[in-house]
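Asks: Here it is, the structure, as C-alpha coordinates.
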Amino acid sequence: MTTLRTPGDGSFVPTSEDPPYLRLGGVEGVTALVEAFYDAMEAHEPELTALHRCDAPGRVSRQSRDHFASFLVYWLGGPAAYLETRGHPRLRMRHGHVAVNEAMRDAWLRSMQRALDGRGVDGGVRRYLDQRFAEVADFLRNTGG
(Lines give C-alpha, C1' and ligand atoms only; values in the text may rest on other atoms or scores of the structure.)
Protein backbone atom coordinates (compact mmCIF):
# COMPACT_ATOMS: atom_id res chain seq x y z
CA MET A 1 0.00 0.00 0.00
CA THR A 2 1.29 3.46 -0.93
CA THR A 3 0.98 6.25 1.58
CA LEU A 4 0.48 9.74 0.19
CA ARG A 5 2.50 12.39 1.95
CA THR A 6 0.34 15.24 3.19
CA PRO A 7 1.79 16.48 6.46
CA GLY A 8 -0.52 17.39 9.32
CA ASP A 9 0.02 21.10 8.68
CA GLY A 10 -1.77 20.84 5.32
CA SER A 11 1.38 21.23 3.27
CA PHE A 12 2.09 19.04 0.28
CA VAL A 13 5.23 16.97 -0.18
CA PRO A 14 5.29 15.35 -3.60
CA THR A 15 6.26 11.73 -4.04
CA SER A 16 6.67 9.60 -7.15
CA GLU A 17 3.23 8.12 -6.41
CA ASP A 18 1.65 11.55 -5.74
CA PRO A 19 3.31 14.21 -7.91
CA PRO A 20 1.79 17.65 -8.54
CA TYR A 21 1.12 16.42 -12.09
CA LEU A 22 -1.53 14.03 -10.79
CA ARG A 23 -2.95 16.56 -8.32
CA LEU A 24 -3.54 18.93 -11.23
CA GLY A 25 -5.36 16.29 -13.29
CA GLY A 26 -2.65 14.72 -15.44
CA VAL A 27 -1.97 15.82 -19.00
CA GLU A 28 -5.41 17.36 -19.41
CA GLY A 29 -5.20 19.32 -16.17
CA VAL A 30 -1.69 20.61 -16.81
CA THR A 31 -2.60 21.54 -20.38
CA ALA A 32 -5.64 23.45 -19.09
CA LEU A 33 -3.38 25.26 -16.61
CA VAL A 34 -1.04 26.27 -19.44
CA GLU A 35 -3.95 27.55 -21.51
CA ALA A 36 -5.21 29.55 -18.51
CA PHE A 37 -1.68 30.88 -17.96
CA TYR A 38 -1.28 32.19 -21.49
CA ASP A 39 -4.85 33.52 -21.54
CA ALA A 40 -4.12 35.44 -18.33
CA MET A 41 -0.83 36.70 -19.75
CA GLU A 42 -2.52 37.90 -22.94
CA ALA A 43 -5.27 39.65 -20.99
CA HIS A 44 -3.13 41.32 -18.33
CA GLU A 45 0.55 41.35 -19.32
CA PRO A 46 0.88 42.54 -22.94
CA GLU A 47 4.59 43.38 -22.51
CA LEU A 48 5.27 39.81 -21.50
CA THR A 49 3.07 38.40 -24.25
CA ALA A 50 5.01 40.42 -26.83
CA LEU A 51 8.20 38.54 -25.91
CA HIS A 52 6.71 35.23 -27.03
CA ARG A 53 6.29 33.82 -30.50
CA CYS A 54 2.76 34.80 -31.49
CA ASP A 55 0.41 33.40 -34.14
CA ALA A 56 -1.50 36.66 -34.20
CA PRO A 57 -0.95 39.99 -32.45
CA GLY A 58 -1.38 39.43 -28.73
CA ARG A 59 -1.90 35.66 -29.10
CA VAL A 60 0.91 33.31 -28.00
CA SER A 61 1.55 30.64 -30.60
CA ARG A 62 0.21 27.11 -30.38
CA GLN A 63 3.79 25.85 -30.57
CA SER A 64 4.84 27.91 -27.53
CA ARG A 65 1.82 26.72 -25.59
CA ASP A 66 2.46 23.09 -26.50
CA HIS A 67 6.16 23.31 -25.59
CA PHE A 68 5.36 24.82 -22.20
CA ALA A 69 2.64 22.22 -21.55
CA SER A 70 5.04 19.40 -22.40
CA PHE A 71 7.72 20.88 -20.15
CA LEU A 72 5.29 21.46 -17.28
CA VAL A 73 3.95 17.89 -17.48
CA TYR A 74 7.52 16.63 -17.11
CA TRP A 75 8.56 19.20 -14.46
CA LEU A 76 5.51 18.41 -12.32
CA GLY A 77 6.25 14.69 -12.27
CA GLY A 78 4.44 13.36 -15.31
CA PRO A 79 5.70 11.55 -18.41
CA ALA A 80 9.08 12.67 -19.73
CA ALA A 81 8.05 13.22 -23.36
CA TYR A 82 9.57 16.71 -23.16
CA LEU A 83 13.03 15.24 -22.54
CA GLU A 84 12.61 12.81 -25.41
CA THR A 85 11.63 15.50 -27.91
CA ARG A 86 13.37 18.66 -26.66
CA GLY A 87 16.22 17.41 -24.49
CA HIS A 88 17.28 18.75 -21.11
CA PRO A 89 15.25 21.87 -20.19
CA ARG A 90 18.30 24.15 -19.72
CA LEU A 91 15.93 26.89 -18.63
CA ARG A 92 18.50 29.65 -18.25
CA MET A 93 19.99 28.88 -21.66
CA ARG A 94 16.60 28.70 -23.37
CA HIS A 95 15.61 32.06 -21.86
CA GLY A 96 19.05 33.68 -22.18
CA HIS A 97 18.10 35.69 -25.28
CA VAL A 98 15.53 37.61 -23.21
CA ALA A 99 16.48 40.10 -20.51
CA VAL A 100 14.55 38.78 -17.52
CA ASN A 101 14.30 41.41 -14.78
CA GLU A 102 12.22 41.59 -11.61
CA ALA A 103 9.28 43.22 -13.41
CA MET A 104 9.18 40.43 -15.99
CA ARG A 105 9.53 37.78 -13.28
CA ASP A 106 6.65 39.34 -11.38
CA ALA A 107 4.46 39.59 -14.51
CA TRP A 108 5.08 35.90 -15.20
CA LEU A 109 4.21 34.99 -11.62
CA ARG A 110 1.01 37.09 -11.72
CA SER A 111 -0.05 35.24 -14.87
CA MET A 112 0.62 31.87 -13.23
CA GLN A 113 -1.21 32.91 -10.06
CA ARG A 114 -4.22 33.95 -12.14
CA ALA A 115 -4.11 30.61 -13.95
CA LEU A 116 -3.88 28.64 -10.70
CA ASP A 117 -6.76 30.71 -9.27
CA GLY A 118 -8.81 30.10 -12.40
CA ARG A 119 -8.20 26.37 -12.22
CA GLY A 120 -9.16 26.29 -8.53
CA VAL A 121 -5.77 25.03 -7.33
CA ASP A 122 -5.57 25.55 -3.59
CA GLY A 123 -4.38 24.08 -0.31
CA GLY A 124 -1.02 22.41 0.10
CA VAL A 125 -0.54 21.80 -3.61
CA ARG A 126 -1.08 25.50 -4.29
CA ARG A 127 1.41 26.55 -1.63
CA TYR A 128 3.93 24.08 -3.03
CA LEU A 129 3.43 25.29 -6.62
CA ASP A 130 3.53 28.97 -5.66
CA GLN A 131 6.88 28.41 -3.97
CA ARG A 132 8.37 26.33 -6.77
CA PHE A 133 7.21 28.69 -9.53
CA ALA A 134 8.62 31.66 -7.60
CA GLU A 135 11.97 29.89 -7.18
CA VAL A 136 12.25 29.08 -10.88
CA ALA A 137 11.07 32.52 -12.00
CA ASP A 138 13.66 34.15 -9.77
CA PHE A 139 16.35 31.73 -11.01
CA LEU A 140 15.68 32.91 -14.58
CA ARG A 141 16.41 36.56 -13.78
CA ASN A 142 19.50 37.57 -15.72
CA THR A 143 19.49 41.33 -15.37
CA GLY A 144 18.83 43.88 -12.66
CA GLY A 145 15.75 46.04 -12.32
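Asks: In debye to the nearest 20, how big a dipole does the chain give about its Cα centre with +1 on each Lys and Arg Cβ and -1 on each Asp and Glu Cβ?
Replies: 340 debye
Asks: Do you know the relative contact order of the chain, to the nearest whole percent, from alpha carbon pairs under 8 angstrom that are 6+ apart?
Replies: Here the relative contact order equals 31 percent.
Asks: Leaving out ligands and nucleic acids, and using a 1.4 Å probe, what accessible area per residue does region 98-142 come to in Å²?
Replies: Numbers: 2300 Å² over 45 residues.
Dividing the accessible area of region 98-142 by its residue count gives 51 Å².
Asks: Calculate for the chain the 222 nm mean residue ellipticity that helices alone would give, adding -39,500 (n - 2.57) per DSSP H run of length 4 or more and normalising by residue count, nearest 500 deg cm²/dmol.
Replies: -18000 deg cm²/dmol
Asks: Just the Cα atoms of the chain, one point each, no solvent: what log10 I(q)/I(0) does Debye give at q = 0.09 Å⁻¹?
Replies: Each listed q corresponds, in turn, to -0.28.
Asks: While we're here: Leaving ligands, DNA and RNA out of it, report the carbon-plus-sulfur percent of the accessible area of the chain at a 1.4 Å probe.
Replies: 52 percent
The values are calculated or read from the model by the stated rules, or taken from the named source; none is laboratory data. Predicted model only: the values in this text are computed from it and were never measured. Virtual Cβ from ideal backbone geometry, glycine too; neighbours counted across all protein chains shown. Surface accessibility is based on the protein's heavy atoms, side chains included, excluding ligands, DNA and RNA. Shrake-Rupley method; radii C 1.70, N 1.55, O 1.52, S 1.80 Å.
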